[in-house]
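This report refers to the structure that appears directly beneath it.
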Amino acid sequence: MGWPSVHRRKFLGLVGLLIGGRSFAQSDSSSCSTTKPREDRVNLIRLRPYHPTYVIAYFGEGGSKTGYTRVGMNRVIQAIQKNPAVEIEFVECYDDICQLCERRKPSSTGSVWGRHHTCPSAQDPVVVKEVAEANRQVLNLLGLQFGAIISLKELVPLMRARLPDIAKSGIKQIGGAALQTRYEKGLKAISAHLGI
């Protein structure tokens, strides 16, 4: 059972203020106002800031073979394989990976990451806080903000320079030591694919 909408918004607003970011209660930001891809930008992939490390790692493996986000992850990887000129938009809400997650379900009250959907992660205050903090830390490291659009050819070198070791970064929710070797392999593979 989800939290009543008013209580959820108050809680998320407080969590957002506590970690120094924008209030989570404001989930209707311009980049999150729709669940459909922007038709004016057909080469646009929408990602939450903590997801690029996973995209890079799985790109190096040719895709994700398991997990509840594998369908969305593989769609993102296929889009990159088909078109190296893609751009990435950083969003606060359910992104192109989350849109196809097996655990994302319709909800009349919505959640912190979407007006019409929820998932177990969105209902866990610890996960919500960790994801929000990871998003903030990644954006700060990259010198970007929510709503920023950057080409993948610019993002990958930025990730390599500013987030070379996700295991030592101290940022939760971006893969850590368990993903480090795959991330390094992915950085090489995606750089070769992009010609950078």
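The values are calculated or read from the model by the stated rules, or taken from the named source; none is laboratory data. All of these numbers come straight from a predicted model, not from anything done at the bench. Backbone-built Cβ (ideal geometry, glycine too); neighbour counts: all protein chains shown.
If the condition is being closer than 25 Å to Ala85 by Cβ and either of a type in the set (S, T, N, Q) or not in a helix (DSSP H, G or I) (or both), then segment 136-173 contributes Gly143, Leu144, Gln145, Phe146, Gly147, Ala148, Ile149, Ile150, Ser151, Leu163, Pro164.
For segment 60-72, state whether one or more residues are surrounded by 16 or more Cβ atoms within 10 Å (Cβ to Cβ), assigned to a loop (DSSP other than H, G, I, E, B) and at pLDDT 95 or above. Yes, segment 60-72 contains at least one residue that is surrounded by 16 or more Cβ atoms within 10 Å (Cβ to Cβ), assigned to a loop (DSSP other than H, G, I, E, B) and at pLDDT 95 or above.
Okay, residues lined up against (1) modelled with pLDDT of 95 or more; (2) under 16 Å from the mean Cα position of the chain (by Cα); (3) among the small types (Gly, Ala, Ser):
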{"residue": "Val138", "(1), (2), (3)": "yes, yes, no"}
{"residue": "Leu142", "(1), (2), (3)": "yes, yes, no"}
{"residue": "Leu163", "(1), (2), (3)": "yes, yes, no"}
{"residue": "Gly175", "(1), (2), (3)": "no, yes, yes"}
{"residue": "Gly186", "(1), (2), (3)": "yes, no, yes"}
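Within segment 168-188, the set of residues being aliphatic (A, V, I, L, M) and crowded, with 16+ Cβ neighbours inside 10 Å comprises Ile171, Ile174, Leu179, Leu187. The set of residues from segment 121-135 being in a loop (DSSP other than H, G, I, E, B) and either at pLDDT below 95 or among the small types (Gly, Ala, Ser) (or both) is empty.
Conditions tested, residue by residue: (1) touching a residue at least 12 places away in the same chain (Cβ under 8 Å); (2) over 20 Å from Tyr58 (Cβ atoms).
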{"residue": "Glu102", "(1), (2)": "yes, no"}
{"residue": "Gly110", "(1), (2)": "yes, yes"}
{"residue": "Glu133", "(1), (2)": "yes, yes"}
{"residue": "Leu141", "(1), (2)": "yes, yes"}
{"residue": "Ala161", "(1), (2)": "no, yes"}
{"residue": "Gln180", "(1), (2)": "yes, no"}
{"residue": "Lys185", "(1), (2)": "yes, no"}
